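Everything below concerns the one structure shown next.
The values are calculated or read from the model by the stated rules, or taken from the named source; none is laboratory data. Remember, it's a predicted structure, so these values are computed and weren't measured experimentally. Here the Cβ positions follow ideal geometry from the backbone for every residue, glycine too, while neighbour counts run over all protein chains shown. All accessible areas refer to the heavy atoms of the entire protein, side chains included, with ligands and DNA or RNA removed. Shrake-Rupley method; radii C 1.70, N 1.55, O 1.52, S 1.80 Å.
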Amino acid sequence: MLDLLTNKEHDEARQGEAFAPFAHEVNSFKKHFYIESYGCAMNFADSEVVASVLIENGFGATTNCEEADLIFINTCSIREKAETTVRKRLTEFRKLKRTKPGMLVGVLGCMAERLKSKFLEEEKLVDIVVGPDAYRTLPNLIEEAETGQKAVNVLLSRDETYADIAPIRLNSNGVTAFVSIMRGCNNMCSFCVVPFTRGRERSRDAESIINECKTLFEDGYREVTLLGQNVDSYYNASPNPSDGGAFKHSANSKNTSDSQGVVIPPLGGRGAVTFALLLEKVAQISPLLRVRFSTSHPKDITDDVLHTIVKYENICNYIHLPVQSGSSRVLQMMNRTYSREWYIAKVNRIRELIPDCGLSTDMITGFCTETEEDHQQSLSLMEYCKYDLAYMYFYSERPGTLAERRFTDDVPEAVKKRRLQEMISLHRIHSLQSMQRDVGKTFKVLVEGVSKKNEEELFGRSDQNKVVVFPKGNVKKGDYVQIKVESCTAGTLLGKQII
Ligand code: SF4
């Protein structure tokens, strides 16, 4: 979802990151690939699948594009800016290709899906174009391209989940990892290009997810983030029948109601796995394995999920709940399928069940027809929810979306930007207040590494996903420590370890 693509996992610091898990083995392969990734966490996780497919087929990774035989850019279409950056990089690689005949350049991911003919035929920027559901065919496509043909596979699939491919962890800190649990999206938010570039929603086999998480834990990882465009609609109807009932929900086996009073019937099909159940099963791997998830669509997150979060200490009390607008009229045009009041009821329910839950959101200013009154409603909703974190953007129309076809992008850019600025200023107050409220409190922090600013300090995150920095002492990456917060900045809690 755009939600996902713009949320905490859309890490600006990682855009354009190049991967190479085995760079030191660079001489033991005949051909080397270089892969650069853009966009959301799903795209970065996909690059790990691509690396796995390539390494399995005898290619070696490198972080130096000049020594690569194959250069791939895993792309994002969600915003114009991301596309511009990718285009610029492709032009640079085309220059490099001139100095190294035989080098192949490929585009993967969402832009490949969207701009296949443009890249190949019109601009002649690349040799290989592969959509997000076709990574298994990469070795064949490479062979095809080596013969001088243009190799393309952008077919979207109804069932590809790469469940059996163990992703190669790239540039990992060895403590936290993303695990894809589903692909695609069936929602048709009118501003979003994802349903067209990543296809229909499909859930990965539950057992393969749990096995991947177990392996990560055994390899020393201490946090997994379950990833999907819309994780709460995860549904695996037919897990392995040999499981013998391992997927029985122990937290909430009866009918339950969501916050709107809607009765959720028991699941049909023996052993069907919902997101709540999957979450529970992953949490049960070990109390030392933290579990996060992203992204939740407000219409799909259920009481079952909330109860499961409450039940397991190692499921983090943090929910990314994109709202996009505070105006019911605009929400309807966005096709978000909930109203302002409905969203507020959901937030109230979260706070009722999980009082200390960290909450973040995505917001768009200047969507088609947005009036000053609509904008004020977005601000007042933010005032009500007081998000710990918010990702805010002004609307930019994406080709092929429902909004592009149905509505006029009629809010002047200056107005969109001014509204965005007002929103950012308001959110700054809320996020600082949120940090200040934590001063004096003690948090369990999972240590992720050495602080970028000071080698004598470590950093990690609290349950609520706030970055905490503290003096090194004798703890190390992957340890859990109790930190008493003594002060804060707008983005970081600073504290000392409690022994
Ligand atoms: Fe998210 Fe909506 Fe896009 Fe799906 S269509 S990815 S729910 S923004």
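Remarks
- Theoretical gain in end-to-end length, Trp342 to Thr147 [0.36 nm per residue, Cα-Cα removed]: 64.5 nm
- Computed over the chain, the per-residue total of -39500 (n - 2.57) for DSSP H runs of n ≥ 4 gives a 222 nm mean residue ellipticity of -9500 deg cm²/dmol, rounded to 500.
- Ranked packing of 468-481, 316-329, most packed first, by mean Cβ within 10 Å: 316-329, 468-481
- Cα lying deepest toward the dipole's positive end in the chain, options Gly440, Ala112, Val50, charges on Cβ: Gly440
- The order of the peptides 166-176, 421-431, 354-364, 272-282 by mean Cβ neighbours within 10 Å, most packed first, is 272-282, 354-364, 166-176, 421-431.
- Highest-first arrangement of 39-48, 214-223, 191-200, 76-85, where packing means the average Cβ count within 10 Å: 39-48, 191-200, 76-85, 214-223
- Karplus-based coupling profile of the stretch 439-444, in residue order and whole Hz: 5, x, 8, 10, 10, 7, with θ = phi - 60° in 6.51 cos²θ - 1.76 cosθ + 1.60 and x standing for Gly or Pro.
- Relative to the Cα centre, the charge distribution of the chain, modelled as +1 at Lys and Arg Cβ and -1 at Asp and Glu Cβ, gives a dipole magnitude of about 480 debye.
- Tensor-based shape of the chain (alpha-carbon gyration tensor, a/c under 1.5 rounded, otherwise prolate or oblate): rounded
- Nonlocal amide H pairs with Arg461, under 5 Å, H built at 1.01 Å: Leu446, Glu448, Val468
- Multiplying the residue separation of Gln482 and Lys496 by 0.36 nm and subtracting their alpha-carbon distance yields 4.2 nm.
- Area of Thr99 that stays accessible when all protein chains are in place (1.4 Å probe, Å², to 10): 110 Å²
- Distance between the stretch 98-120 and the stretch 352-393 - C-alpha centres, whole angstrom: 38 Å
- Under 15 Å from the Ala237 label point (7 Å along Cα→beta-carbon), backbone N, the stretch 198-226: 201-206
- Relative contact order (percent, whole number), the stretch 173-225, Cα cutoff 8 Å, 6+ residue spacing: 50 percent
- Sequence-separation-based contact order of the chain, relative, with Cα cut under 8 Å and 6+ spacing, percent: 11 percent
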